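Some notes on the structure that comes next.
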Amino acid sequence: MQKVIRRTALARNQAQRKAVRAVKDAEREEFKDHLRQRFALNRIELDNIRAERQRRREDWLRGPLAPQRDAGFEGQSFGALSPQAMNPPPIPKHLRRKYINIAVGDRVCIMKGRDKGKINEVVRVDTSNETVNVRDLNMVCFCGYTHYPHGIFASD
């Protein structure tokens, strides 16, 4: 009888260890995926900056003969940024803030970017990637000091 009880206890403990290991593996994969998406977003930003420097130099050298660049890269999009750059990746649930102290209708001041110092009203708060949209201004990212070291910044 003792052997049967011992075997069931060992099997139960093994199943618990397996479940804990599966949860940790899932969290690790989610975090790796988040890092991959974040690195891809940073790569897009760096590529945009490098390409903009090259385009600016080309425009300066060509003067009035410079090409019109108002339709995005090869005419695939309208504007300066691709849709991937406009939507940052979601933050994993275990890294998200419990509460975001900014709500729709709050007046906020832009801390970085082209619209630095401008004040306007929050139109939308997205808790999955901790971003807010400000009326008539750039999209602003509300990133905590524990996740990303820069705090609130405008994505230019």
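The values are calculated or read from the model by the stated rules, or taken from the named source; none is laboratory data. None of these values were measured; they are calculated from a predicted model. Using ideal geometry, Cβ is built from the backbone for each residue, glycine included, and neighbour counts are taken over all protein chains shown.
Considering only residues that are assigned to a helix (DSSP H, G or I) and surrounded by 11 or more Cβ atoms within 10 Å (Cβ to Cβ), which ones fall in the range 50-67?
Kept after step one, since they are assigned to a helix (DSSP H, G or I), are these residues of the range 50-67: 50-65.
Hits for the range 50-67 are Ala51, Glu52, Arg55, Arg56, Glu58, Asp59.
Looking at the structure I just gave you, is Arg96 at pLDDT below 90, of a type in the set (D, E, K, R) and closer than 29 Å to Ser128 by Cβ? It would help to see each step written out before you state the result.
Values: at pLDDT below 90: yes; of a type in the set (D, E, K, R): yes; closer than 29 Å to Ser128 by Cβ: yes.
Spelling it out, Arg96 is indeed at pLDDT below 90, of a type in the set (D, E, K, R) and closer than 29 Å to Ser128 by Cβ.
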